[in-house]
Every structure is written in structure tokens, then in C-alpha cells.
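I have a structure I would like to understand better, so I am pasting it below and will then ask my questions one at a time.
The values are calculated or read from the model by the stated rules, or taken from the named source; none is laboratory data. Owing to the predicted nature of the structure, the values given are computational and were not obtained by experimental measurement. A quick note on method: Cβ atoms are made from the backbone with ideal geometry, for glycine too, and the neighbour counts reach across all protein chains shown.
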Amino acid sequence: MKRVVAQDLEFNGQKLRKGDNLVLFYCSANRDESIFEDPFTFRVDRSPNPHLGFGIGEHFCIGSHLARASQRALLRELVSRIDSIELAGEPEQIESSFVVGLKKLPLRYRVSQAA
């Protein structure tokens, strides 16, 4: 998502010149140091958590409520059945300027029998 600077300006102490190319890195929005304390650390209990994972405004994801509900149901079931879990290798991040996430997360776990 490239943009071209229309006129000379200064933004956040950075001088931008007319004709300069800018690239929008959507994945950086949820790692803004001015919004999130320790933004590169995964914290399931982060509060407040004003993340933009589902977009904002007219670009807000229409399926966000279903996504949250299905994630809660899945995690509720897993948490009730997992006896142990540990890393079984190094996590690997997706290398992209558009999407942030894990490409690989090797885990070793033990699941109890369903009640």
C-alpha cells in the first residue's frame, strides 16, 4: 500500500518531500509504542487492548463477533482438556509487510479424555 507525498511536510519530526514514496505497514498498528505498553510482548491479559485486528470504522470486519465467539468456544474447550503444553521448537513468524502472525508454532501437549 504505497502512497506518494503530495507536498513537503514534517510528520512526527520526520521531513517528507513532495514525491517521496511511503509504504503503509498495517501490521505495525497493533505495535504502536505510544498506544501499547511493551507492544512486542504477547499478553493475553492486556487491558485496555485497543487493537485494530478487525479493522476500524467502515472497514470493521462484519464477522468479528462470530470470530470472537468461535475463538472463545475453542479455547474454553482446549483449556478444560489440556493437561500440559510446551514449546517443541522455535516459533517462526510470517515474513510479510501486510500480515503479522506465526507461520509455525511447534507445540507438544497432552490432552485428557473428554468428560
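When you check Phe40 against the structure, is it surrounded by 12 or more Cβ atoms within 10 Å (Cβ to Cβ) and of a type in the set (Phe, Trp, Tyr), yes or no? Please lay out each step first, then the result.
Numbers: surrounded by 12 or more Cβ atoms within 10 Å (Cβ to Cβ): no; of a type in the set (Phe, Trp, Tyr): yes.
It is false that Phe40 is surrounded by 12 or more Cβ atoms within 10 Å (Cβ to Cβ) and of a type in the set (Phe, Trp, Tyr).
Determine the pairs where a residue that is within 25 Å of Cys27 (Cα to Cα), located within the range 102-114, has a partner that is polar (S, T, N, Q) with Cβ atoms under 8 Å apart, the partner being 6 or more residues away or on another chain.
Here the result reads Leu102/Gln93; Lys103/Gln93, each pair linking the range 102-114 to a residue that is polar (S, T, N, Q).
When both residues are 6+ apart or on different chains and their Cβ atoms are under 8 Å apart, which pairs have a first residue that lies in the range 12-33 and is within 13 Å of Ser97 (Cα to Cα) and in contact (Cβ under 8 Å) with a residue 24 or more places away in the chain, and a second that is among the hydroxyl-bearing types (Ser, Thr, Tyr) and assigned to a loop (DSSP other than H, G, I, E, B)?
Pairs that qualify, where the first residue is within 13 Å of Ser97 (Cα to Cα) and in contact (Cβ under 8 Å) with a residue 24 or more places away in the chain and the partner is among the hydroxyl-bearing types (Ser, Thr, Tyr) and assigned to a loop (DSSP other than H, G, I, E, B), are Val23/Ser97; Phe25/Ser97; Cys27/Ser96; Cys27/Ser97.
Let me ask something additional. Any residue at all in the range 8-28 that is more than 21 Å from the chain's Cα centre (by Cα) and aromatic (Phe, Trp, Tyr)?
First, pick out the residues of the range 8-28 that are more than 21 Å from the chain's Cα centre (by Cα): 8-22.
Pick out the ones that are also aromatic (Phe, Trp, Tyr) and you get 11.
Checking the range 8-28: at least one residue is more than 21 Å from the chain's Cα centre (by Cα) and aromatic (Phe, Trp, Tyr).
If only one of Ile94, Ile82 is at pLDDT below 95 and farther than 30 Å from Ser28 by Cβ, which one is it? Let's see the steps before the verdict.
Values: Ile94 fails: farther than 30 Å from Ser28 by Cβ.
So the residue among Ile94, Ile82 that is at pLDDT below 95 and farther than 30 Å from Ser28 by Cβ is Ile82.
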